[in-house]
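Please treat every number below as a calculation from the coordinates, not as lab data. These numbers come from a predicted model, not from an experiment. Note: ideal-geometry Cβ built from the backbone for every residue, glycine included; neighbour counts use all protein chains shown.
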Amino acid sequence: MADAGSPGKPPGKPSGGPAAHPHGCAAAVVVTCEHGGNRVPPEVAHLFTTRGDHLAGHGGFDAGALEMARAVAAAFDAPLFYTTVTRLVVDQNRSIGHPKHFSKYTKGLPRSVRQGLIDAHYRPMRREALAAVSDFLEAGKTVVHLASHSFVPIWRGVARTMDVGLLYDPRREGERDLCAAWKARLATARPELRVRRNAPYKGVSDGHVTALRKRFPAGYLGIELEVNQGFVTTDRPVFETLMRLIPATLAAALADTGLAWGGMRPPPS
Ligand SMILES: [Zn+2]
């Protein structure tokens, strides 16, 4: 499957942001993790008494995604918004009304109960992330939103042929250029790493980033990072390396595309 981007195109200036500054646009990084845990809130615990295995697997959460989100947020000194409530209760990465917003365990609940789950476990993170993005945009910054996810190494019996996925909207030049630059930086730093764009999922599918793109047509760059869970579960040293490599190469890619930010903390040794 071909990448959806334009690999031959050199990184250019970001689009959709404020007028380009001669030294680059001032950028702010915002980090989120929508599938950070498999916690079941007490009000629906009775639905999950025999679902332990399902909760522990990818159906329950994205293994390693919150660790990665913390690493990126720490490196950029960026705000981090996350939830540890399992997607099987309410999926933080789906819009209200989406058929998969609630899982098979919760979709049959009375409307009032589902509304309570949305109010308690869905809206707060969405509201906080939205406010952070709005504040940075109002301050004249270009916002680079990184949503941290992970994917299972084997899907329906077939091994995935990638290690890292960078998801974006190919129609948005700023996102496209940033991901092209980021992929190039990753290739230089770790040639053996299999990095794909808009795989294993499409960047334009329903999700938190997609919702924010609609809200902020200009000045907002939304990227979803997808890391192969194989590293998290069986190749821990590589995952530790990735937690340094991902923010370092993103920082370089920001600079490559004319996005300047406040500086980076030195990675923990
Ligand atoms: Zn996810």
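Length gain on complete extension for the stretch residue 236 to residue 123, per 0.36 nm per residue less the alpha carbon to alpha carbon distance?
Details: separation 113, 0.36 × 113 = 40.68 nm, distance 3.33 nm.
That works out to 37.3 nm of additional length.
Packing, taken as the mean count of other beta carbons within 10 Å per residue, orders the peptides 25-33, 199-207, 246-254 from highest to lowest as 25-33, 246-254, 199-207.
How high is the relative contact order of the chain, in percent, with contacts defined as C-alpha pairs under 8 Å that are six or more residues apart?
Details: 501 pairs, mean separation 80.9, N = 269.
Once divided by the residue count of the chain, the mean separation gives 30 percent.
Counting only Cβ charges, +1 for Lys and Arg and -1 for Asp and Glu, the dipole size of the stretch 31-260 around its Cα centre is about 700 debye. Here, the stretch 31-260 is characterised by an Rg to Rh ratio of 0.96, where Rg is the alpha-carbon radius of gyration and Rh the Kirkwood radius.
Of the residues 159, 63, 145, the one whose Cα sits farthest towards the positive end of the charge dipole of the stretch 31-260 is 159 (charges of +1 on Lys and Arg Cβ, -1 on Asp and Glu Cβ, taken about the Cα centre).
Spacing of the modelled spin labels on residue 139 and residue 158, each 7 Å from Cα toward Cβ, amounts to 4.5 nm.
Please get the size of the charge dipole for the stretch 86-197, origin at its Cα centre, with Cβ charges of +1 on Lys and Arg and -1 on Asp and Glu, quoted in debye to the nearest 20. Walk me through the numbers before you get to the answer.
On the way: 22 positive and 11 negative charges, 118 e Å.
Here the stretch 86-197 has a charge dipole of around 560 debye.
Add -39500 (n - 2.57) for each DSSP H run of 4 or more in the chain, then divide by its residues: what number comes out at 222 nm, to the nearest 500 deg cm²/dmol? Walk me through the numbers on the way to the answer.
Working: 8 runs with 96 residues, N = 269.
Mean residue ellipticity at 222 nm (helix-derived): -11000 deg cm²/dmol.
Check each of the trypsin sites (Lys or Arg not before Pro) in the stretch 104-147 and keep only those in coil by DSSP with at most 13 other C-beta atoms within 10 angstrom; list them in order. Don't skip to the answer; put the middle values down first.
Numbers: sites: 104, 107, 111, 114, 126, 127, 141; in loops: 104, 107, 141.
Here the trypsin sites (Lys or Arg not before Pro) that fit, given the DSSP loop and packing criteria, are 104, 107.
The count of lysine pairs in the chain whose Cα atoms are under 21 Å apart, excluding pairs fewer than 8 places apart on the same chain, comes to 9.
So which chymotrypsin sites (Phe, Trp or Tyr not before Pro) in the stretch 116-151 end up in coil per DSSP with only 14 or fewer other C-beta atoms within 10 Å?
Numbers: sites: 122, 136, 151; in loops: 122.
Sites meeting the loop and neighbour criteria: none at all.
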